[in-house]
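The values are calculated or read from the model by the stated rules, or taken from the named source; none is laboratory data. The model shown is predicted, which means the values in this text are computed figures rather than measured ones. Neighbour counts are summed over all protein chains in view; Cβ atoms, including those assigned to glycine, are modelled from backbone coordinates with ideal geometry. Just the protein is used for accessible areas: all its heavy atoms, side chains included, with ligands, DNA and RNA removed. Shrake-Rupley method; radii C 1.70, N 1.55, O 1.52, S 1.80 Å.
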Amino acid sequence: MDLAPLPVTVPLLMAAVLVGAAPLLSRRMLDALACLTAACNLAVCTLLILQTAAAPRVYWFGSWRPVGRFPIGISFVIDPMGAGLAALVSLLMLAALVVSWAYFESVKSLYHAIMLVFLAAMCGLCLTGDLFNLFVWFELMSAAGVTLSGYKVDETGPLQGALNFAVMNTLGAYLSLTGVALVYAKTGALNFAQVGVALAADTSHDVLLPIAFLFLISGFLVKAAAFPFHFWLADAHAAAPTPVCILFSGVMVELGVYAVARLYWAVFAPALVALDTPLQGLLLAIGTLTALVGAVACFGQRHLKRLLAFSTISHVGLMIIGCGLLTPHALAGSGLYVVGHGMVKASLFICAGILLNRFESVDEFELQGAGRQIPAVGLLMALGAFGLTSLPPLANFFGESLIDQSARRLGFEWISIVFMLAGLLTAGAVLRVTGRIFLGWGHEHEATSRGSCKVALKREMHSPSRKPPLTMVLPALLLLVAAGVVVPAADLGRRMLGEAHAFQDTRGYWQRVLQEGPPPPQKAAEPVGPSARDIGRQAGVALAALAVALLALFPRALGNPAARIGGAILVGIFKPIRLMHSGRIGDYVAWFVLGIASYGLILALA
């Protein structure tokens, strides 16, 4: 039996079964079947990783294959990087469904069905080798995500968050579909390999090609919450149920970065070789702006779910930087960073869900000292905060090390500073919240003096729990442990670097898919291991994050004049960023148009 289509077909079939058999199934049966489906998907994706370790596999649906260069057939092209990302999707979906078990007091089959559709769409996006189906999976993922973010439709907050999600992602989808149309009109094909071969053979140097590429990736840049398309993400996180936020931050936005990388190296790299340097500069600029704006906005939040959402935006910017360097080492580093960040961020969102489940609030000042009742959760949140600084032996530490080494070899030493600032501010914000909620630190009067930034909070459960459920605490702990052991235990660093070389071998990809000649040999490459400099740098970032958190909690330790000056500087920084995030969809659309126009102008001038 061929396993290739199962990561998509099994969740879709089970979703249909759960909806059809809902009157016959109890709540616990729905939970169990959904968790079993996610676990089966994880097992299948793990087997696909093992099966494709020697060489990627191509699966043609219905056994319809291209006849010569005639564009017929829809394919999955499965390599360890795509299958590995699908496995991460399945793992975090399993964690989210286990958390949902005790999180919701009452939930119907539609929730489980939509979650499984979401799972199928994300796995399909990881594995597809067809341009139009990449758009289809993207749209199915968006539709399921919008539905889940607005799950509590009887409340204004979820409805507004879902509306912002829907409008921004629809705008990106329109541009992506326009890009598909331009490419299809030029090549007459939709398969990645066939499109790439046709574009590489075209010597007309059509000026529309980079514009078509920008249109294609625009929807994925929106999904990745890249600046200035990132506004919807925090609104969606504030509104969505916490189990859904695990998926939004843990893997959905990362899929946007993966799709951009896959499109470039599977299709456009040879045709756009003359634009390598401008494209590298553009992606580095996008990643840097995303990382810094997200980090600063993160530190200015008091709503815990919004704070974690802005942290995700910042770290996605770092992943974009890794891809934007256009080297195998940096791409491998981005892959490792995705694995580590996804698990750490999922664990942090579970901790936020425990607070909401226990106290019906995620406001930093409302919960001051309340967390003393659940110290174990505070320990998990502190560990997750330090995980955002990429401390060893977490997977994101090894990823950041590879990206930093690649950047220094290319002469981009400043990238290390961007990584340190992003880690320092995002981890410092989470540590500040941890100290205030679980230790009661900070001045109580701050809650009233900052009342103007208070966020209206909505309940996600019908009744609070007096004790953190094991089905929430255990996944948070296991995800942190997994983030720390996955790279050393699986020798993942060396494997990821080898796969990054294969991922960037565009012509080798075409040969495998179209079966034109023997597949190219895999390039064996040994990664440069983390140095003492890398370990010392990350330890310094962790200590600096702790110091920043303590200063935020006890500003008077600097003395009254210094505290007042520091407060004035912070207000000056936070105010324009807060004004940008107005919550009005018209403002977000204006930023979207400005961003697309700016990025298009840069490529056009280049």
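Brief remarks follow.
- Single residue of Leu282, Leu336 found to be within 22 Å of Asp404 (Cα to Cα), open to solvent by less than 20 Å² (accessible area, probe 1.4 Å), within 15 Å of the chain's Cα centre (by Cα) and of a type in the set (A, V, I, L, M): Leu336
Yes or no, residue by residue, for (1) modelled with pLDDT under 90; (2) open to solvent by less than 40 Å² (accessible area, probe 1.4 Å); (3) part of a helix (DSSP H, G or I):
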| site | (1), (2), (3) |
| --- | --- |
| Gly73 | yes, yes, no |
| Val77 | no, yes, no |
| Cys123 | no, yes, yes |
| Cys126 | no, yes, yes |
| Asn133 | no, yes, yes |
| Trp137 | no, yes, yes |
| Ala144 | no, yes, yes |
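- Of the criteria (1) open to solvent by less than 10 Å² (accessible area, probe 1.4 Å); (2) within 30 Å of Phe398 (Cβ to Cβ); (3) not in a helix (DSSP H, G or I), which one Ser361 fails: (2)
- Filtering region 554-606 to residues that are at pLDDT 80 or above and either of a type in the set (Ser, Thr, Tyr) or at positive phi (or both) leaves Tyr588, Ser598, Tyr599.
- Glu366 meets each of the listed conditions (1) closer than 26 Å to Ala285 by Cα; (2) not in a helix (DSSP H, G or I) apart from (1).
- Condition met for Leu116 (closer than 26 Å to Ile217 by Cα and open to solvent by 10 Å² or more (accessible area, probe 1.4 Å)): no
- Test result for Leu247, in a helix (DSSP H, G or I), under 29 Å from Pro80 (Cβ atoms) and open to solvent by less than 10 Å² (accessible area, probe 1.4 Å): yes
- Meets criteria (more than 22 Å from Val180 (Cβ to Cβ), in contact with a helix residue (DSSP H, G or I) (Cβ under 8 Å, 6 or more places away or on another chain) and in a helix (DSSP H, G or I)) for Gly84: yes
- Which numbered condition Met168 fails, given (1) of a type in the set (A, V, I, L, M, F, W, C); (2) over 21 Å from His581 (Cβ atoms); (3) under 17 Å from the mean Cα position of the chain (by Cα): (2)
- Scope region 203-238; condition part of a loop (DSSP other than H, G, I, E, B) and either open to solvent by less than 10 Å² (accessible area, probe 1.4 Å) or charged (D, E, K, R) (or both); matching residues: Asp206, Ala224, Ala225, Ala226, Pro228, Phe229, His230
- Residues in region 364-409 that are without any contact (Cβ under 8 Å) to a residue 60 or more places away in the chain and either crowded, with 24+ Cβ neighbours inside 10 Å or among the polar types (S, T, N, Q) (or both) were compared, and the one that is nearest to Met496 (Cα to Cα) is Met381.
- If you filter region 22-47 down to residues that are free of Cβ contacts under 8 Å to residues at least 24 places away in the same chain and either open to solvent by less than 50 Å² (accessible area, probe 1.4 Å) or closer than 30 Å to Met81 by Cβ (or both), you find that the one that is farthest from the chain's Cα centre (by Cα) is Ala32.
- Qualifying position, being over 30 Å from Ala271 (Cα atoms), touching a residue at least 24 places away in the same chain (Cβ under 8 Å) and open to solvent by less than 10 Å² (accessible area, probe 1.4 Å), among Met93, Met168: Met93
- Taking first residues from region 456-477 that are polar (S, T, N, Q) and partners that are open to solvent by 80 Å² or more (accessible area, probe 1.4 Å) and at pLDDT below 85, the Cβ contacts under 7 Å between residues at least 6 apart in sequence or on separate chains come to Ser463/Glu105.
- Here Lys108 meets each of (1) open to solvent by 40 Å² or more (accessible area, probe 1.4 Å); (2) modelled with pLDDT of 80 or more with one exception, condition (2).
- The number of residues in region 12-21 that are open to solvent by 60 Å² or more (accessible area, probe 1.4 Å) and either within 25 Å of Glu499 (Cβ to Cβ) or aliphatic (A, V, I, L, M) (or both) comes to 5.
- Of residues in region 410-434 being among the polar types (S, T, N, Q) and under 25 Å from Ile350 (Cα atoms), the one surrounded by the most Cβ atoms within 10 Å (Cβ to Cβ): Thr426
- Condition met for Val99 (at pLDDT 90 or above, part of a helix (DSSP H, G or I) and touching a Pro at 6+ places or on another chain (Cβ under 7 Å)): yes
- Leu92 being closer than 18 Å to Leu6 by Cβ and modelled with pLDDT of 90 or more: no
- In region 523-542, residue modelled with the highest pLDDT [restricted to those that are loosely packed, with under 12 Cβ neighbours inside 10 Å and part of a helix (DSSP H, G or I)]: Gly536
Table: residues versus (1) out of contact with any helix residue (DSSP H, G or I) (no Cβ under 8 Å at 6 or more places or on another chain); (2) of a type outside the set (Phe, Trp, Tyr); (3) more than 23 Å from Ser531 (Cα to Cα).
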position	(1), (2), (3)
Asp363	no, yes, yes
Leu379	yes, yes, yes
Ala395	no, yes, no
Arg408	no, yes, no
Phe412	no, no, no
Ile417	yes, yes, no
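- Residue match in region 333-342 (condition: free of Cβ contacts under 8 Å to residues at least 24 places away in the same chain, closer than 28 Å to Asp491 by Cβ and part of a helix (DSSP H, G or I)): no
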